[in-house]
């Protein structure tokens, strides 16, 4: 299937998909690293199962949001030959667009005083 | 992972779990997934808490199963969508494949519906799996006496309860209108044991109607209540008449219940204690069914106690039977019981096993038809795979893996088969209704109404068979696609995919089709020959020019004197019609579905202490009967005016009985006892066939109609007039005698024989097998034609070249024919062996023809050779008519 290029067509992203893209934003990672990163950053609130993660990766790859990369970090750090994934420019745009979308909703909620504004602002 | 690494138990499980994912998923991410699972497991163990490990395992199991399933469904959706789009692009191919499969699926689904009715569908009662049938294996018939039934209930520890029932023909009168119905005489605990609920009012309760003075009550069948009383609830509490006796309607059965007689639909249920209403004998003898162990009217069903096995029940009942045999040596000597699940006794404990064999054999033939259709569609798919070689190669080049492409082909096969099944379903519903009609037409003496309806179970099995047929159809092309070399195919424009092994597989499929259709045709041929033999069998009378019609004045409340007067008046007025030679009466026609039997004892009882009175067919006939049907009187005389109720009881025996009782002596003047009456033998008549055409000579006795006055009788008319014009004349004449008495089974003797037990089973077998055989042959010839046509089209260029170089058309045609002939010969050789195996199984159903009848085998083989040659000739002719130049340019 040809990858969808119009960013909006991918929105909204599911929570696991958004987390996966965000996890890859600061560098290439293998699947297990993505899982651990998501669990750590959300204090365990979001836990992806392995099967779900690879199904997500598969879809994201097919849609062109991520690609498998040939570059490996220091081989000594990586005992098993794992596949590493990298966020594509499209994936980066899609993730950003999703966050904008969420931000807009948050703004709207703040205006309606559903949630307090951060004090520092 | 290093090879030295030892596989832990967990590793093995992870590997197994990953296998659950679709092929492509595994290929892309299987190893990573496994590694991740191992890493998670390692981390959980490092934490050291048992809880973490257990949580992880549960999590993994749930996740893997749901994700794998979701991935499979996604692929399936994609493949089915792709298959449907591909089929829409090739509508002719799609239609022919779907219709071909629909033929096979129709045959198969129809047979499943029959098998379901005959041996699988549970009775619509409470916990039907506990219901067993208890019947007599020895003595006259399978039925059980009332007292024996009570002993089985009381003396065994395995039965929760047991009920007895007996179907009866009755005339039910309500609102001034009278009609013949089938009523079931039931013991008081019948509904309670089965757990049937009322749709209106209440049902017969235990101990109801047992006392002599109890008011007669009746329960209506739901369907009958709907059709006869328009479902009017106020019928409950009203009085209707059975025969001459008033009955109060107390309730209606629930809609799902259709009685316990699998092939008959009951209209009403009556407590057995009220059986006088149905009785055609004087009322005084009626109660004997409750006190006489020798009178065995009841079909018995019992409910096993929870946890009791069939074997335990058998053992316990055998002990009870042995005790009865000791206690009543005169009537119960050698008593043995048949204890089987209720599903094995349809329509009766005796016919059950025969019907199961026959339907299983027919279902086997339906499987063969389905296999032929699958092979045919496999061939179509292969041809298409060959022409789609370029597409397949393109997809492969674009990264589709082999497993994925194979899966796609299988999905296509299954999609086609499911569509075929969908087309077949309405066809089968209509066909089953037709089949039901055929059975209903057998005889109006009893209402045969098997339930061949298509229920959820049938649809479910048909669905599974569809998938099976689809897999079979898709397998060969899938394997071929799996083997094909994408590069080669792209280069040769798609024909490469049909490489050597592919065409070998296709040839194999055609050979299989020829072999399988030969098997079907041989079965059909054997049945047709049987039918031919059956019609030529000497029945002991001459059926041509005979016309019959039945009446049952007894159920309309006629007493014996009124019946005889009624029969006499009809005989006189019919005999007065022009063109009528003779008119006779009989209580029952030979080859009716039901028989009357009597155990007969000669005046000098044989000295052998183990001697058992034989069972003879019993007919009650008028003096003119033998002349009318054409049975020769070999010795003595026929009945006369003097043999009436006031005369000496007399009897006429057939040759077989005479030889059995009085070998080398004249039986005239001797006596025999039947039904407790000693009768003097006044005549001996020729043997005949009484129940089926295959039977060996059986003893029979003929009583004078005037001394028995049966409640139901059939008038037999010998005439030179055509049966069609006679039907309405006879109808009018009999109606003039008494318009209140219904007339049934008005037809020629030949029609009676076709529908009765005489020819019906063979006719049905011949019809079904020739239908299946014809379908198989049609499909095989289409398959062969397609195959040869394809081969010829592949060789167009070569043929063109040869023609251009001077080859004669006849040589080319001969070459192509030889190719078709080779298929035929190999297929026929295999088919002959297969047919012989199947024919052996059919042996018990054939008549007068060996299962290895050379004429049938030869004729079928010849027919198939001719068809194979014809199927090859058409494409061969077309090939030679092609302009060589065009053929050469075709590339």
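The values are calculated or read from the model by the stated rules, or taken from the named source; none is laboratory data. Values in this document were obtained by computation on a predicted structure and should not be read as measured data. Quick reminder, even Gly has a Cβ in these numbers, built from the backbone with ideal geometry, and neighbours come from all protein chains shown.
For region B:46-68, state whether one or more residues are within 9 Å of another protein chain (Cβ to nearest Cβ) and either outside any helix (DSSP H, G or I) or under 21 Å from residue B:471 (Cβ atoms) (or both). Yes, region B:46-68 contains a residue that is within 9 Å of another protein chain (Cβ to nearest Cβ) and either outside any helix (DSSP H, G or I) or under 21 Å from residue B:471 (Cβ atoms) (or both). Among the residues of this structure, residue B:755 does not count as one that is under 29 Å from the mean Cα position of the chain (by Cα), surrounded by fewer than 19 Cβ atoms within 10 Å (Cβ to Cβ), at pLDDT below 85 and under 20 Å from residue B:589 (Cα atoms).
For (1) within 34 Å of the chain's Cα centre (by Cα); (2) farther than 23 Å from residue B:97 by Cβ, each residue gets a yes or a no:
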site: B:773; (1), (2): yes, no
site: B:798; (1), (2): no, yes
site: B:804; (1), (2): no, yes
site: B:810; (1), (2): no, yes
site: B:819; (1), (2): no, yes
site: B:854; (1), (2): yes, yes
site: B:858; (1), (2): yes, yes
site: B:865; (1), (2): yes, yes
site: B:881; (1), (2): no, yes
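Report, by residue number, each residue of region B:827-853 that is within 20 Å of residue B:510 (Cα to Cα) and buried (at least 20 other Cβ atoms within 10 Å of the Cβ). Once the filter is applied, which keeps residues that are within 20 Å of residue B:510 (Cα to Cα) and buried (at least 20 other Cβ atoms within 10 Å of the Cβ), region B:827-853 yields B:827, B:828, B:831, B:835. Within region B:520-542, the set of residues being touching a residue at least 60 places away in the same chain (Cβ under 8 Å), part of a helix (DSSP H, G or I) and more than 13 Å from residue B:753 (Cα to Cα) comprises B:520, B:521, B:522, B:523, B:524, B:525, B:526, B:527, B:528, B:529, B:530, B:533. If the condition is being touching a residue at least 12 places away in the same chain (Cβ under 8 Å) and within 16 Å of residue A:91 (Cβ to Cβ), then region A:16-30 contributes A:16, A:17, A:18, A:19, A:20, A:21, A:22, A:23, A:24, A:25, A:28, A:29.
Each residue in region B:166-192 was checked for being over 19 Å from residue B:552 (Cβ atoms), surrounded by fewer than 21 Cβ atoms within 10 Å (Cβ to Cβ) and in contact (Cβ under 8 Å) with a residue 60 or more places away in the chain, and 1 of them qualify. If you filter region B:194-240 down to residues that are part of a loop (DSSP other than H, G, I, E, B), over 30 Å from residue B:159 (Cα atoms) and free of Cβ contacts under 8 Å to residues at least 60 places away in the same chain, you find that the one that is farthest from the chain's Cα centre (by Cα) is B:213. Considering only residues in region B:22-36 that are more than 8 Å from chain A (Cβ to nearest Cβ) and in contact (Cβ under 8 Å) with a residue 12 or more places away in the chain, the one that is nearest to residue B:59 (Cα to Cα) turns out to be B:34.
Does residue B:656 meet the test of being touching a strand residue (DSSP E or B) at 6+ places or on another chain (Cβ under 8 Å) and outside any strand (DSSP E or B)?
Values: touching a strand residue (DSSP E or B) at 6+ places or on another chain (Cβ under 8 Å): yes; outside any strand (DSSP E or B): yes.
It is true that residue B:656 is touching a strand residue (DSSP E or B) at 6+ places or on another chain (Cβ under 8 Å) and outside any strand (DSSP E or B).
In this entry, residue B:13 passes the filter for residues that are more than 12 Å from chain A (Cβ to nearest Cβ) and either within 24 Å of residue B:407 (Cβ to Cβ) or modelled with pLDDT of 85 or more (or both). Can you confirm whether residue B:429 is surrounded by fewer than 19 Cβ atoms within 10 Å (Cβ to Cβ), assigned to a helix (DSSP H, G or I), out of contact with any strand residue (DSSP E or B) (no Cβ under 9 Å at 6 or more places or on another chain) and modelled with pLDDT of 70 or more? In short, yes. Within region B:152-177, restricting attention to residues that are under 35 Å from the mean Cα position of the chain (by Cα) and in a helix (DSSP H, G or I), the residue that is nearest to residue B:195 (Cα to Cα) is B:153. Scanning region A:9-26 for residues that are more than 8 Å from the chain's Cα centre (by Cα) and crowded, with 17+ Cβ neighbours inside 10 Å, we see that the one that is nearest to residue A:101 (Cα to Cα) is A:13.
Rundown of residues vs (1) surrounded by fewer than 21 Cβ atoms within 10 Å (Cβ to Cβ); (2) more than 31 Å from the chain's Cα centre (by Cα); (3) within 21 Å of residue B:731 (Cα to Cα), yes/no style:
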{"residue": "B:507", "(1), (2), (3)": "yes, yes, no"}
{"residue": "B:510", "(1), (2), (3)": "no, no, no"}
{"residue": "B:514", "(1), (2), (3)": "no, no, no"}
{"residue": "B:525", "(1), (2), (3)": "no, no, no"}
{"residue": "B:537", "(1), (2), (3)": "yes, no, no"}
{"residue": "B:540", "(1), (2), (3)": "yes, no, no"}
{"residue": "B:549", "(1), (2), (3)": "no, no, yes"}
{"residue": "B:559", "(1), (2), (3)": "yes, yes, no"}
{"residue": "B:563", "(1), (2), (3)": "no, yes, yes"}
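All conditions but one from (1) over 20 Å from the mean Cα position of the chain (by Cα); (2) modelled with pLDDT under 80 apply to residue B:414; the one that does not is (2). Can you find a residue that is at pLDDT below 90, touching a helix residue (DSSP H, G or I) at 6+ places or on another chain (Cβ under 7 Å) and more than 10 Å from every other protein chain (Cβ to nearest Cβ) anywhere in region A:36-56? The answer is yes; a qualifying residue exists. For region B:606-615, check the following and say yes or no: at least one residue is surrounded by 22 or more Cβ atoms within 10 Å (Cβ to Cβ) and either more than 22 Å from residue B:674 (Cα to Cα) or modelled with pLDDT under 90 (or both). There is no residue in region B:606-615 that is surrounded by 22 or more Cβ atoms within 10 Å (Cβ to Cβ) and either more than 22 Å from residue B:674 (Cα to Cα) or modelled with pLDDT under 90 (or both).
Let's see how each residue does on (1) over 30 Å from residue B:422 (Cβ atoms); (2) assigned to a helix (DSSP H, G or I); (3) without any contact (Cβ under 8 Å) to a residue 40 or more places away in the chain; (4) away from every other protein chain (no Cβ under 12 Å):
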| residue | (1), (2), (3), (4) |
| --- | --- |
| B:38 | yes, yes, yes, no |
| B:43 | yes, yes, yes, no |
| B:74 | no, yes, yes, no |
| B:92 | no, yes, yes, yes |
| B:96 | no, yes, no, yes |
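Among the residues of region B:543-587, those that are in contact with a strand residue (DSSP E or B) (Cβ under 7 Å, 6 or more places away or on another chain) and assigned to a loop (DSSP other than H, G, I, E, B) comprise B:545, B:552, B:579, B:587. Only one entry of B:138, B:109 meets the criterion of being surrounded by 20 or more Cβ atoms within 10 Å (Cβ to Cβ) and away from chain A (no Cβ under 14 Å), and that entry is B:109. Summed over region B:629-653, the residues that are in contact (Cβ under 8 Å) with a residue 60 or more places away in the chain, within 25 Å of residue B:539 (Cα to Cα) and surrounded by 22 or more Cβ atoms within 10 Å (Cβ to Cβ) give a count of 3.
Residue by residue through region B:671-692, note down the ones that are assigned to a loop (DSSP other than H, G, I, E, B), touching a strand residue (DSSP E or B) at 6+ places or on another chain (Cβ under 8 Å) and either at pLDDT 95 or above or on the phi < 0 side of the Ramachandran plot (or both). Let's see the steps before the verdict.
Taking region B:671-692 as the starting set, the residues that turn out to be assigned to a loop (DSSP other than H, G, I, E, B) are B:675-676, B:686-692.
Retained after the next criterion (residues that are touching a strand residue (DSSP E or B) at 6+ places or on another chain (Cβ under 8 Å)): B:675, B:686-688, B:690-691.
Scanning region B:671-692 gives B:686, B:687, B:688, B:690, B:691.
To keep it simple, each residue is scored yes or no on (1) assigned to a helix (DSSP H, G or I); (2) buried (at least 20 other Cβ atoms within 10 Å of the Cβ); (3) without any contact (Cβ under 8 Å) to a residue 40 or more places away in the chain.
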| residue | (1), (2), (3) |
| --- | --- |
| B:694 | no, no, no |
| B:710 | no, yes, no |
| B:718 | no, yes, no |
| B:729 | yes, no, no |
| B:739 | no, no, yes |
| B:773 | yes, yes, no |
| B:784 | yes, yes, no |
| B:793 | yes, no, no |
| B:798 | yes, no, yes |
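Checked against (1) within 13 Å of chain B (Cβ to nearest Cβ); (2) modelled with pLDDT under 90, residue A:5 passes all but condition (1).
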